[in-house]
Amino acid sequence: MVKRDYYEVLGVERNADTEEIKRSYRKLAMKYHPDRNPGDKEAEEKFKEAAEAYEVLSDPEKRERYDRFGHDGLKGGAGGFSGFGFDFDLSSALRTFMEGFGGFDDFFGGGSARRRGPARGSDLQIKLKLTLKEIASGVDKVIKIKRMERCEACSGTGAASADSIVTCTTCHGTGQIKQVSRSIFGQFVNVSTCPSCRGRGKIIKDKCPKCNGKGITPVEAKIKVHIPAGAAEGNYITLNGEGNAGAHGGQAGDLYVFILESQDEIFTRHGDDILYDLNISITQAVLGDNVEVPTLTGKARLKIDPGIQSGTILRMKGKGVPHLNGRGRGDQLVRVNVWVPEKLSKESKELFDKLSGQKDIFPVSG
């Protein structure tokens, strides 16, 4: 019988790399594996042919010899493959299969099942809105959440009594079911999770009437959470074990507290800096002043230099938001706005009329 070209067998080009050859063999081996095609002689031959091609093309030395001399280069001689060809029987194909992919279970996505313990509870999320001043100083809050907690009646077992928990008769307490399959080249054991007890090895004969066998019940809980100074919107606090309790004694999930920041009435936050708009009079702008301004920690004095222009931004060092998990604070920026009155008294108008004749109150051009 004339041998087919190994590259043709695997459906790859002659310049294919090792990974491409392996992928192609994997696909063919899965398709034609005897356990997937019991009694199909044609599939068995294709499986052997693919393994034979892979055995050669996956080995650099054998591949080089094959590329130079073809099938004849694999016959006899030192390091040759006397009798290789179609004497490459099913056991040889299986050996190639096992060595290439770590065994039957790994290749087909099997592997031994593990006894499953109680499932972990799900995580919860909650949004907490804070004021800028609370964020600046740090704050402790008590939040209310609805969550699942361990049933007090059964202590989380889900059973009406201790006698109600019995060994699973399907898996005999192992939590696993073993299925043995035989093929012409050996015996394989497939291990899966027991469907009766879902891997726990135990069965609840009489369920707890309060939780209906789940081991958890819904409650409204109050939880204290500390928000450190300097937090920002989008930051979150993780409270380990404060999520939903796991069924049948499983570990509780976590609670994620996401920070929301309410809009402040007088300050606008920019990172750890804050902006405050200060309105001053024309006379304060011209003559200068020492004014009182609000800050996150109380009142503070700010010097206004004579001749200050509207839109000027003054910086008050260290009067902003504390740096999260670090030393120091941001700054408070004060944007000066010169307020121009819309209506004047007779006396004020007369004063401005007199000033209008003074050249030094007009902008200097150029």
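The values are calculated or read from the model by the stated rules, or taken from the named source; none is laboratory data. All values reported here derive from a predicted model rather than from experimental measurement. Ideal geometry is used to build each Cβ from the backbone, glycine not excepted, and the neighbour counts take in all protein chains shown.
Looking at (1) farther than 14 Å from residue 136 by Cα; (2) surrounded by 12 or more Cβ atoms within 10 Å (Cβ to Cβ); (3) out of contact with any Asp or Glu (no Cβ under 8 Å at 6 or more places or on another chain), find the lone condition where residue 306 falls short.
Among (1) farther than 14 Å from residue 136 by Cα; (2) surrounded by 12 or more Cβ atoms within 10 Å (Cβ to Cβ); (3) out of contact with any Asp or Glu (no Cβ under 8 Å at 6 or more places or on another chain), residue 306 violates only (2).
Starting from the stretch 230-254, keep only residues that are buried (at least 17 other Cβ atoms within 10 Å of the Cβ), then list their pairs with residues that are in a strand (DSSP E or B) and of a type in the set (Asp, Glu) whose Cβ atoms are within a distance under 7 Å, requiring at least 6 positions of separation or different chains.
Every condition considered, the pairs that remain are 245/149.
Inspect the stretch 293-301 for any residue being surrounded by fewer than 17 Cβ atoms within 10 Å (Cβ to Cβ), modelled with pLDDT under 95 and not small (Gly, Ala, Ser) and give the result as yes or no.
yes
Output the residues belonging to the stretch 255-269 that are assigned to a strand (DSSP E or B) and in contact (Cβ under 8 Å) with a residue 24 or more places away in the chain.
255, 256, 257, 258, 259, 260, 261, 267, 269
Looking only at helices (runs of 4 or more DSSP H) that fall completely inside the stretch 1-92, which ones have 1 or more residues that are modelled with pLDDT under 75?
On the way: elements: 6-10, 18-32, 41-57, 60-69.
Qualifying helices (runs of 4 or more DSSP H): none found.
Just a yes or no: is a residue in the stretch 221-229 assigned to a loop (DSSP other than H, G, I, E, B), in contact with a strand residue (DSSP E or B) (Cβ under 9 Å, 6 or more places away or on another chain), under 24 Å from residue 121 (Cα atoms) and modelled with pLDDT under 95? Before you say what the answer is, go through the steps one by one.
Quick first cut of the stretch 221-229, residues assigned to a loop (DSSP other than H, G, I, E, B) only: 228-229.
Add one more test, that the residue is in contact with a strand residue (DSSP E or B) (Cβ under 9 Å, 6 or more places away or on another chain), and what stays is 228-229.
Those left that are additionally under 24 Å from residue 121 (Cα atoms): none.
Within the stretch 221-229, none of the residues are assigned to a loop (DSSP other than H, G, I, E, B), in contact with a strand residue (DSSP E or B) (Cβ under 9 Å, 6 or more places away or on another chain), under 24 Å from residue 121 (Cα atoms) and modelled with pLDDT under 95.
Grab the strands (runs of 3 or more DSSP E) fully contained in the stretch 290-366, keeping just those with 2 or more residues being touching a residue at least 40 places away in the same chain (Cβ under 8 Å).
Values: elements: 298-304, 313-316, 332-338.
The qualifying strands (runs of 3 or more DSSP E) are 332-338.
With the condition being modelled with pLDDT of 85 or more, assigned by the TED database to the domain that holds residue 226 and in contact with a strand residue (DSSP E or B) (Cβ under 8 Å, 6 or more places away or on another chain), I'd like the strands (runs of 3 or more DSSP E) fully within the stretch 111-195 carrying at least 2 qualifying residues. Spell out how you get there, then give the answer.
Working: elements: 124-130, 139-150, 165-167, 176-183, 186-193.
Filter on the stretch 111-195 gives 124-130, 139-150.
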